[in-house]
1. Based on DSSP H runs of at least 4 residues, each adding -39500 (n - 2.57), what is the mean residue ellipticity at 222 nm of the chain after dividing by all its residues, to the nearest 500 deg cm²/dmol?
2. For a quick check: with amide H placed at 1.01 Å from N, whose amide H comes under 5 Å from VAL42's, ignoring anything fewer than 5 positions away on the same chain?
3. In whole angstrom, note down how far apart the Cα centers of the stretch 479-550 and the stretch 232-277 are.
4. Would you mind classifying the stretch 11-361 by shape? Square roots of the alpha carbon gyration tensor eigenvalues, ordered a ≥ b ≥ c; an a/c under 1.5 is rounded, otherwise it is prolate if a/b is larger than b/c and oblate if not.
5. So how do 82-92, 519-529 stack up, highest first, on mean other-Cβ count within 10 Å?
6. Within the chain, which DSSP H helices have Cα atoms that stretch 18 Å or more along the helix axis and a mean Kyte-Doolittle hydropathy of at least -1.0?
7. Out of the stretch 281-325, which GluC sites (Glu not before Pro) are coil in DSSP terms and have no more than 13 other C-beta atoms within 10 Å?
8. Using a 10 Å cut-off on Cβ atoms, rank the peptides 308-319, 372-383 from the highest mean neighbour count down.
Amino acid sequence: MKKIQDMTLREKIGQMLLCGFEGTEATEQLKALIAEHHIGGVIYFARNVEQTGQVAELSEQLQQIAEQSDTLPLWVSIDQEGGMVARITEGVALMPGQMALAAGAIGPKEGTKVGIKDAGDAAYEAAFISGKELRALGINLNFAPVLDVNNNPDNPVIGVRSFGESAELVAEFGQRSVQGFQDANVVATAKHFPGHGDTSVDSHLDLPTIKHGQERIRSLELVPFIQAIKGGVDAIMSSHIYFPAFESEKLPATLSKSVLTGLLREELGYEGVVMTDCMEMNAIAEHYGTVAASVMAIEAGADLVLISHRLDRQIGAIDAIEQAVKEGRLSEARIDASVQRLLALKERRGLFAPQTGSAAEVGTAEHCAVAQRLSEASITLVKDEQGLLPLKRARTLAVTVAAAVSSGVDEAYAGPASLGAALAERGLDVLDRVLPLAEVGGLTGSVLAAAEEAEQIVIGTYNARFHPAQVELVRALQALGKPVIVVALRVPYDLLELPEVSTFIAAYESRPLALQSTAKALLGELEMKGRLPVTLGAGYPAGWKWEGGL
């Protein structure tokens, strides 16, 4: 293992960069980033993934380039949260997302709080299996879990990525998830400090502000991070959000010394790795510039700077950080402090030891059975006031509003997955309609025409709160006088837009496994035991499930 005293300034600065790249194999540009600029690691997106064997080979290839270049082993990182945010979706045991996991594991309210006794087991199991599979593919750092408390129904970017609206529940599930990843020898990254849950702006698109006072933030947003710190979380990712309660200048947390050093390091006593969210998100790039902000982030206290896309910005950041040291704006001791933390974590996570595991250990029947069990446990019957469930074995119109990129963290969803196909697989006579999200309004007429042939209607909505054409479609279908069942295939808050619906199910995601679980539930093949991790108006508090139905 190369010691810090044997490294040049340029090598040390390179270790503080985590870089994205194009393609499914190492390009000449990427080879140069590793060999000449000594970057600390890479991040995989869906654009880098074809199938699991290719990912394993790519990871090995990149580590070989690092070894042959006499540079340090690489972080190979990914956003593999589970559910709707996952970069590898085929050939793995893709676990449900965080809100789905919580729905399947929480208990009813105990007084004023949702019951969480032993509930973290699901989070641990999902994270441990996911971590084992990532490590077998050569991935050693995961940008998960999300520790944001989602208490704002208008949040466009967190939503079902959160465990729920309760700080205590998020803290419990989050800490168990951290343990699961780290027991699998994968770096867990608690994000997005000090909390992205109560925003109505996506920081991929602009700079959000959270205006709450310190007392509220300490009692809610910070609670899961404090527990993760006590539990020894490897890394914490900063948010690109402005918190006036902690920062007098209009600077996002990523660029705020008051937040990253004053609050996180000094007050909360965090000694692990602090990393930034991507510095090319609009909250940073358009307000401060990615390259200039990279220096600012290190001044604020960040150890690892994430630049996911452009080579010129990646090299520009390294150059700018080096220049800042030469000019005395950053001390070399400040650089050394970060590099020491990064090298210590690389050693702790076994990056200097021979790689173990293989792609053959990924997506096993045993692992997939766990994913199925956790998925089936999550399906939540919120109400069934007219007793429409289980579905009759009759001609059924099944409408699925297709998953679509709805926030900066989303990537294109592959393949037409539908509720109709999942129901048809289970023997139901189905008219299957899949509607692209942007075309729902224009296709309403054809859907109504198809409904004339059906005895009952199931419609899977997708973030209807943000795409109101779906609300109009549901109401038009209800006006036909036939039984209508609504399934929320992402945020459960769709019920707030459709309070008159008599039968409503929260499925939390529209991955194929969730659709299969939902189909079983609709047909009465499994009992819907899931409970709401968030409140859906006065009648449906967190911890709720319908008790008068199946």
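No value in this document is a laboratory result; all are computed from the given coordinates. These figures come from a predicted structure and were not determined experimentally. Please note: Cβ atoms are built from the backbone with ideal geometry, for glycine as well, and neighbour counts cover all protein chains shown.
1. Working: 18 runs with 193 residues, N = 550.
Per the formula, -10500 deg cm²/dmol.
2. For VAL42, the qualifying residues are CYS19, TRP75, VAL76, SER77.
3. With the stretch 479-550 and the stretch 232-277 each reduced to a Cα centre, they are spaced 37 Å.
4. Details: a/c = 1.74, a/b = 1.15, b/c = 1.51.
Note, shape of the stretch 11-361 comes out oblate.
5. Numbers: 82-92: 21.4, 519-529: 19.7.
Going by the mean number of other Cβ atoms within 10 Å, highest first, we get 82-92, 519-529.
6. On the way: long enough: 52-68 (24 Å, -0.59); 120-136 (24 Å, -0.10); 167-183 (24 Å, -0.34); 311-326 (23 Å, 0.04); 332-348 (24 Å, -0.39); 365-378 (20 Å, -0.15).
Membrane-span-like by this rule: 52-68, 120-136, 167-183, 311-326, 332-348, 365-378.
7. When the GluC sites (Glu not before Pro) of the stretch 281-325 are filtered for loop state and at most 13 Cβ neighbours within 10 Å, GLU286 remain.
8. Values: 308-319: 19.2, 372-383: 23.7.
So the peptides 308-319, 372-383, ranked by packing, come out 372-383, 308-319.
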